[in-house]
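To start, the structure itself, in structure tokens.
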């Protein structure tokens with residue numbers, strides 16, 4: 001295989017582009033795709049301060065690395081979720097990335113600052129762990145951006161993430177979720193702008209980016225994500241992709257261009273009138289926001305010891 | 001040839017030489033879901049693995065979503 005650009009030896013094939021790349025030109029292709037995405041969706045203006053939601057995994061670290069390489073003013077924020085050794089190790093990768101490059105990494109520990117962790121919250125609320133985890137992360141990323149004067153929160157959601165969520169939302173016609181599944185959510189009512197610069201790049205691209213750019217990341221999967229339905233959706237979509245390269249990108253970008261605007265009213269209707277949470281001040285449609293309700297239920301619960309199968 | 005698989009981490013023996021495509025077919029792995037790394041070098045699908053170095057098949061699928 002030869003690189004599409006320089007005809008030197010390729011290290012990776014990108015079948016949806018019917019192209020192969022050497023290391024240098026693969027990294028450039030990834031940065032070009034992010035530039036195209038940022039410009040197409042008006043994600044970030046030059047001079048704005050960006051907070052990257054960092055986990056220690058490949059996507060968030062690649063997102064941080066690409067934005068920095070493109071000249072954006074980007075800091076990181078990592079949350080200690082209390083998912084046993086997995087969380088500790090994930091945070092170590094995030095810290096190592098920042099320290100080796102002299103970057104600013106903000107931190108928050110759920111157990112120390114709010115008196116609970118994700119396994120305990122999942123048990124206390126009888127919800128799947130990803131629900132308590134996602135709710136906590138969204139709230140704390142918003143809060144960190146507001147408290148520290150960031151203009152925009154960037155996450156490492158990639159093409160596979162977005163295609164899988166879209167697939168799930170379409171399967172059950174969750175129209176209010178479809179109306180919010182956009183690469184940019186504008187700032188409104190106390191929520192910072194949120195952007196997903198990696199949506200044109202696949203999960204495989206992001207792993208390769210980290211490997212070729214010399215970024216160490218946690219390869220192990222979250223022990224609490226086992227059985228998650230979106231992992232099954234990703235497998236299903238990859239079965240289609242391998243037979244018909246480009247299907248995931250066509251599915252997702254086609255949705256954005258041809259259908260997403262039809263569902264925005266459903267999302268807006270569901271949001272209702274927002275007012276400050278009585279406890280923390282975050283925007284909410286209820287007296288207390290969902291995160292403060294979670295804190296109230298989980299912080300007094302007996303800590304749950306993480307059980308893993310591997 | 002030693003091949004390392006992840007999640008959980010384990011090692012298997014596979015006869016060399018073998019192409020990356022053939023290795024993935026042999027293990028029934030979707031090429032969209034993994035990277036193949038020989039030593040510390042990413043290798044494309046048509047590369048032939050000669051067994052001189054450790055080969056890692058690294059999964060790329062991750063994530064749980066609320």
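The values are calculated or read from the model by the stated rules, or taken from the named source; none is laboratory data. Here the structure is a predicted model, which means the values were calculated and not measured. Glycine gets a Cβ as well: all are built from the backbone with ideal geometry, and neighbour counts include every protein chain shown.
Points to keep in mind about this one:
- Some residue of the range A:17-27 being facing chain B (nearest Cβ under 10 Å), touching a helix residue (DSSP H, G or I) at 6+ places or on another chain (Cβ under 9 Å) and in a helix (DSSP H, G or I): yes
- Exclusive hit being modelled with pLDDT under 95 and either under 19 Å from the mean Cα position of the chain (by Cα) or farther than 30 Å from residue A:298 by Cβ (or both), set A:29, A:1, A:43: A:1
- Restricting attention to the range A:62-86, the residues that are surrounded by 20 or more Cβ atoms within 10 Å (Cβ to Cβ), over 24 Å from residue A:29 (Cα atoms) and more than 16 Å from the chain's Cα centre (by Cα) add up to 3.
- If you go through the range A:212-245 and pick out every residue that is assigned to a helix (DSSP H, G or I) and surrounded by fewer than 22 Cβ atoms within 10 Å (Cβ to Cβ), you end up with 14.
- The residues of the range A:270-297 that are free of Cβ contacts under 8 Å to residues at least 12 places away in the same chain and part of a helix (DSSP H, G or I), listed by number, are A:293, A:296.
- Strands (runs of 3 or more DSSP E) fully within chain B counting 3 or more residues that are in contact with a strand residue (DSSP E or B) (Cβ under 9 Å, 6 or more places away or on another chain) and within 26 Å of residue A:87 (Cα to Cα): B:34-38, B:55-59
- Selection count where residues are assigned to a helix (DSSP H, G or I) and either surrounded by fewer than 20 Cβ atoms within 10 Å (Cβ to Cβ) or more than 14 Å from chain B (Cβ to nearest Cβ) (or both), scope the range A:95-121: 13
- Taking the criterion of being under 20 Å from residue A:173 (Cβ atoms) and surrounded by 18 or more Cβ atoms within 10 Å (Cβ to Cβ), the residues of the range A:249-259 that qualify are A:251, A:252, A:255.
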